[in-house]
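Novice: Just passing along the structure, written as structure tokens.
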Amino acid sequence: MKKIFFNTLSFLLICFSTCGQKPLKLNSNEIYESVQKLNFLGSVLYIAAHPDDENTRLISFLSNTVKARTGYLSLTRGDGGQNLIGPEIRELLGVIRTQELLAARRIDGGSQFFTRANDFGYSKHPDETLEIWNKKEVLSDVVWAIRTFKPDIIINRFNHRTPGTTHGHHTASAMLSVAAFDLANDSKQYTSQLKYADIWESKRLFFNTSAWFYKTKEEFDRATKGKLTSFDVGTYYPLKGHSNNELAALASSQHLSQGFGRVTSRGEEREYVEFLKGSSLRDKSDIFSGINTTWNRVKAGGEIGEILYEIEDNFDFINPAKHIPKLMEAYLLIQDLEDAHWRTVKEQQIKEIIEACAGLYLEGSAESATGAPGSKVAVNFEVLNRCGAAIELISIHSTIDKKTVIKELDLERNKKMNFKEMITLNTAKYSDPYWLQKRASLGMYRVDDQNLIGNAETERPVKIHFNLSIDEVLITFTKEVVRRYSESDKGEVYEPFEIVPEVTTKLKNKVLIFSDNTPQKVVVEIRAGANTVEGTVRLKVPEQWNVFPKEIPFKIRQKKDSQVVVFSITPPKNKAEGIVEVIATSVDKNYTKELVEINYEHIPKQTVLTDSQAKIVRLNIKKVGNHIGYIQGAGDAVPESLRQIGYKVTIIKPAAIDGENLNRYDAIVLGVRAYNVLKELKFKQKYLLAYVEKGGNMIVQYNTNRNVDVAAPFALQLSRDRVTDESSVVRVLAKEHPLLNFPNKITDADFEGWVQERGLYFPDNWSTEYTPILSMNDKGEPAKNGSLLVAKYGKGNYIYTGLSFFRELPAGVSGAYKLFANMLALGKQGAAN
């Protein structure tokens, strides 16, 4: 065995991340395609505003047909949208949509980036958007993305010249991109970035237009004739067995929280781009025309190209390992490149190819998926050379505790090496999303570290450098420690390894509503992030609120186990609201975080730390009726919110709806987007309307207007009308209507403190049987009267509302609770409380 002195500091270490997914295992076709991309030195950055704005057809085409390094810069993480797959909204929804974008990029071949902009919800004009966002900071982030990704080509999804015609975020993304195109190459702009990145001049800026932006295809053709570059993105890839449009549909279908599951398509599809800025095109069929994308682009690249083009031209699909000697030769030459940008990019790409050609399997799997700072974690290592090349494992190095273990093992062909090492988690940092670690404003996340800005996710804290010699050339492969195990009903499972606090706490309810002076029990769950934790837990409440007892001891012996304690909170006599915080103390350290786990099959498991607190509200509210049937659509927290004020809420599955079982309920409530996501509801509508006709009370919350029929008893047409200003004036149209007077008197004060919006997808046309209750509008727009409609049907009442109760109730907005209680009580005047 050849002894080689190995200094880990002498290596440029590139991390190939699997982010808790199964490790990358390229087949011969994929290796060949990676070689093709290795031999293309050109980059494209696609820019838009949200998850799902990106054109996956074009991103996939540029990545897989052109072979360009392709990135998508989404200005936001989609935090302000709705969630079709679960109850998570706002920041937690942003975590889900971040991972859905990463899942899409793994399919279409792109990279993913973000700015610090917070998706505050729908905006009707870019002026409003840029007023709520910090325009200078978001523009800085776009400039940063250009300076670090260094794209030759920038493509905007939206038109910067048409403000007010689409979502304000959309137009703002294009406006910022147009400005950043020039600013990125100006050394006098955003000078603090130049400590970490150089200025960069992109060659061309395009707008990815389409007939979607026009009323008809004919209008699009007339308006754009002779102005556009177009290409067929329906390319078929024999090596993949898929066409480009099929890959694009699969990528878009990762946006499940937005209901973007799609059927695949095949055949010719054209994409169009309009030239906006930069050097003119020599060849209108090639957006890279005139740009050198060969190895000759970089100094001393010609020698590398000679090696790698030969491999591409004569690639051995049966035995890709035969290319390892030449790949190692090219690897050494790439390390000597003067161009730091292309050196870094191409070193990462060629290392992935070398690893795949060698059939290397390198893994560190922890015996637990989490660990607390300072604790020790057992890691099981598996190292395997499946090709027979001369490979030696010299050492492994743990980044978290700087521990190097010398191995000096010859890796014989297909003979697996297994060993175990203990790693100490020498860090005080946790591994939750970096953009959520400091309090955000309405429009911006706070990230102070310039090098974190733009990253899709937090860098995993525990990595292993596998230091190898291949054909006597030193090379390092870096892997994140994961947790790999099996479940009988799932098979092999991979999870990211997370560093979590020793103690986390959780309040059972995020909003505590006190409708009178009666004390309420408050349940707190304490969870151990390490073995044998003990201490005390207490609640911090606002003045005039009382809590008993002052503190409660806890002792938990087993990691991941939990203990439940119960406090009692007594509210003040008068209306009040505030925040209750949980503080656990162990070994003289306070712990104030809740551990939230997000686990869906289409994305890696996510661990998020949020403040362990809840809103407490003392309000004077009356209610009539008790037993509510709730038909859930897209995930929302309205049922739990109703339970908070004393209703008994039963979740009704659509299959259980029949002519008898609805009669037991005082009211039936349909959750948000129920008709959008529960296709079987259309077959159950006759039972729901029969319930109303016999005297029942039915409340339908908002649905989108996309191919949906809410099957209302009278004509009702949904629209895209919405009121995005949560503080907009609300005018009463039916002052004497019971809905505004019984059992609670609704006043102007009840529309104060609403969050994010008034409502969305209001009906804009309805029959005379409906009574509109409220009128509202955003600044400069006509009144919208469809937010709350009531119709008498038989002996009962049918209510349709686009008001955003799904946001207001979980946020503890007292007026929203009173109004919802009145809707539930409609028709029950004279009934006992």
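Novice: Report the local net charge at Asp748: Lys and Arg +1, Asp and Glu -1, summed over other residues whose C-beta lies under 13 Å from its C-beta.
Specialist: Net local charge, Asp748 excluded: +2.
Novice: Just check segment 42-293 against the gyration tensor rule for me: Cα atoms, a ≥ b ≥ c as the square roots of the eigenvalues, rounded for a/c under 1.5, and otherwise prolate or oblate depending on whether a/b exceeds b/c.
Specialist: It is rounded, given that a/c, with a ≥ b ≥ c, falls under 1.5.
Novice: So which GluC sites (Glu not before Pro) in segment 743-833 end up in coil per DSSP with only 13 or fewer other C-beta atoms within 10 Å?
Specialist: Answer by residue number: Glu752.
Novice: To make sure I understand the rule: partners must be lysines, Cα under 16 Å from the Cα of Lys828, and not fewer than 8 residues away in the same chain. Which ones qualify?
Specialist: Counting by Cα, and skipping residues close in sequence, Lys828 has these lysines nearby: Lys622, Lys623, Lys694, Lys745, Lys792, Lys795, Lys818.
Novice: How long are the semi-axes of the ellipsoid equivalent to segment 503-618, from square roots of 5 times the Cα gyration tensor eigenvalues, in whole Å, largest first?
Specialist: 27, 18, 11
Novice: Counting C-alpha atoms alone, how compact is the chain: give Rg to one decimal and Dmax as a whole number, in angstrom.
Specialist: Final numbers for Rg and Dmax: 29.6, 93 Å.
Novice: A follow-up question, please. For Val405, put the label point 7 Å out on the Cα→Cβ axis and report which residues of segment 427-466 keep their amide N under 14 Å from it.
Specialist: What the label zone holds, given the 14 Å backbone N cut-off, is 463-466.
Novice: Something else: Can you check what the net charge comes to around Ile47, using other residues whose Cβ is under 12 Å from the Cβ of Ile47 (Lys, Arg +1; Asp, Glu -1)?
Specialist: Residues near Ile47 contribute -2 overall.
Novice: In nm, to one decimal, how far is the modelled label at Lys25 from the one at Ala715, with both set 7 Å along Cα→Cβ?
Specialist: 6.1 nm
Novice: With a length cut of 24 Å (Cα positions projected on each helix's long axis) and a Kyte-Doolittle mean of at least -1.0, go through the chain and give me the DSSP H helices that pass.
Specialist: 91-108, 340-357
Novice: Separate question: Do any trypsin sites (Lys or Arg not before Pro) in segment 360-433 lie in a DSSP loop with no more than 13 other beta carbon atoms within 10 Å, and if so, which?
Specialist: Lys402, Lys415, Lys416, Lys429
Novice: Further question: About the Cα centre, and with charges only on the beta carbon of Lys, Arg (+1) and Asp, Glu (-1), how big is the dipole of the chain? Nearest 20 debye, please.
Specialist: Using only the charged Cβ atoms, the result is roughly 2060 debye.
Novice: To the nearest Å, what is the center-to-center distance of segment 546-589 and segment 391-463, using C-alpha atoms only?
Specialist: First find each Cα centre; the distance between them is then 34 Å.
Novice: Another question, if that's okay. Per DSSP H run of at least 4 residues, take -39500 (n - 2.57); add these up for the chain, divide by its residues and hand me the 222 nm value, nearest 500 deg cm²/dmol.
Specialist: Here the helix-only value at 222 nm equals -6500 deg cm²/dmol.
Novice: Right, something else. Give the residue from Thr165, Asn797, Ala356 lying farthest towards the positive end of the charge dipole for the chain; charges sit on Cβ (+1 for Lys and Arg, -1 for Asp and Glu) and the dipole is referred to the Cα centre.
Specialist: Highest projection toward the positive end goes to Asn797.
Novice: Hey, another quick one. For the pair Asn531/Lys203, report the inter-label distance in nm, with labels modelled 7 Å from Cα in the Cβ direction.
Specialist: The answer from the label model is 6.0 nm.
Novice: Here's another thing I want to ask about it. Cα-Cα over 24 Å: which of Lys438/Lys573; Lys438/Lys589; Lys227/Lys277; Lys195/Lys402; Lys416/Lys559?
Specialist: Over 24 Å apart, Cα to Cα: Lys438/Lys573; Lys195/Lys402; Lys416/Lys559.
Novice: So in the chain, what percent of DSSP beta bridges are antiparallel if you round to the nearest 5?
Specialist: Here the antiparallel bridges make up roughly 70 percent for the chain.
Novice: Normalised by the residues of segment 54-169, what does the relative contact order come to in percent, with Cα pairs under 8 Å and at least six apart?
Specialist: After rounding, I find 28 percent.
Novice: Loop only per DSSP, at most 11 neighbouring Cβ atoms within 10 Å: give me the GluC sites (Glu not before Pro) in segment 311-375, ordered by residue number.
Specialist: Passing both the DSSP loop test and the Cβ count: Glu338.
Values in this text are rule-based calculations from the coordinates and carry no lab data. Note that the coordinates shown come from a computational prediction; the quantities given were computed from them, not determined experimentally. Every residue, glycine as well, gets a Cβ built from its backbone with ideal geometry; the counts of neighbours run over all protein chains shown.
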